[in-house]
Amino acid sequence: MTKLPPTPIAPPAPRPADLLTRPAVFFEALHRLPPSAGRYLWLVALASATSGISTTLLARHVLGAQSSILSGAAGGSAISPLFNYGSAAFASVFVTVLLWLALWGLGALGAGPAGRAAEVYGAAFLPTLIWAAVLLPVALLFAPQVAVAAPDLSGLSGAALQKALQTYILKVQEVSGGNPVNKVTTWLGYAVYLWQFALAFVGFRVLTGNQNKAWRGVLYPLALLLVLAAAAWLASKSVGSLLGG
């Protein structure tokens with residue numbers, strides 16, 4: 001009787017700890033696995049949810065001030081905190097998932113199919129998850145207060161009302177952005193992005209064996225993020241100038 005060949009043993013999945021301490025070893029182990037675009041989708045989802053909660057908690061006083069003034073302008077009851085914070089958390093999750101999709105698309109354009117950009121950038125969300133988890137207790141204990149007097153909206157309507165609301169909201173955001181806690185967490189957040197791109201570069205270099213493709217897989221999405229950040233900054237400055245800020 002002919003014996004059936006033994007079932008091949010699947011190589012072990014790479015350990016997340018290796019991604020943090022030995023990223024090249026992590027991606028070498030990933031290289032031995034068959035490609036799967038959704039392999040680290042769970043990590044993207046978990047990181048985005050944790051990040052959404054932590055950033056919303058950190059900005060809860062700003063969100064509360066903005067919702068209060070908007071409710072007063074509408075002449076109705078206050079906006080539900082559940083709706084207010086839930087909307088902010090959902091927006092953060094949505095943006096994070098869109099970010100992963102953009103990283104995937106542009107990373108694949110730069111590194112090619114062999115770069116397996118969906119998996120590389122999915123795994124690279126591990127630093128985001130760690131940072132979001134660290135940010136949770138900070139947000140709970142040290143969320144910046146808002147010390148901006150609400151404007152008197154009585155008698156205002158139309159363009160005058162809109163300008164008063166926009167001026168107040170911009171002032172709240174300016175005061176909040178100048179808070180030391182927000183400054184430190186913002187710069188640390190930028191450092192986490194750089195960490196992600198550094199891990200992605202290692203991943204592309206290991207998977208493609210081509211340093212030029214690895215650079216393209218990182219620089220294409222990084223260029224897009226820089227353009228979007230510059231556009232947002234210019235838009236904010238323009239609105240501030242129009243409102244006399």
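Summary of computed values
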| item | result |
| --- | --- |
| Among the residues listed as 110, 52, 105, the single one being in contact with a Lys or Arg (Cβ under 6 Å, 6 or more places away or on another chain), modelled with pLDDT of 80 or more and either surrounded by 20 or more Cβ atoms within 10 Å (Cβ to Cβ) or not aromatic (Phe, Trp, Tyr) (or both) | 110 |
| Scope the range 16-26; condition open to solvent by 50 Å² or more (accessible area, probe 1.4 Å) and either touching a residue at least 12 places away in the same chain (Cβ under 8 Å) or within 15 Å of residue 200 (Cα to Cα) (or both); matching residues | 16, 20, 21, 22, 25 |
| So residue 143, is it over 21 Å from residue 195 (Cα atoms) and open to solvent by less than 40 Å² (accessible area, probe 1.4 Å) | yes |
| Residue within the range 25-45 that is under 18 Å from residue 130 (Cβ atoms), in contact with a Pro (Cβ under 7 Å, 6 or more places away or on another chain) and part of a helix (DSSP H, G or I) present | yes |
| All positions within the range 120-140 that are open to solvent by less than 20 Å² (accessible area, probe 1.4 Å) and among the aliphatic types (A, V, I, L, M) | 120, 123, 124, 132, 135, 139 |
| Subset of the range 114-139 [farther than 15 Å from residue 221 by Cα and β-branched (Val, Ile, Thr)] | 128, 130, 134, 138 |
| Within the range 190-239, tally of residues that are small (Gly, Ala, Ser) and more than 30 Å from residue 31 (Cβ to Cβ) | 7 |
| Within the range 119-221, helices (runs of 4 or more DSSP H) holding 2 or more residues that are within 18 Å of the chain's Cα centre (by Cα) and in contact (Cβ under 8 Å) with a residue 60 or more places away in the chain | 126-142, 180-208 |
| Pair list, Cβ under 6 Å, 6 or more apart: the range 27-45 residue small (Gly, Ala, Ser), other residue buried (at least 17 other Cβ atoms within 10 Å of the Cβ) | 29/14; 37/118 |
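The values are calculated or read from the model by the stated rules, or taken from the named source; none is laboratory data. A quick note: this is a predicted structure, and the numbers were derived from the prediction, not measured. No Cβ is skipped: glycine too gets one built from the backbone with ideal geometry, and neighbour counts run over all protein chains shown. To get the accessible areas, we keep the full protein, side chains included, count just its heavy atoms, and leave off ligands, DNA and RNA. Shrake-Rupley method; radii C 1.70, N 1.55, O 1.52, S 1.80 Å.
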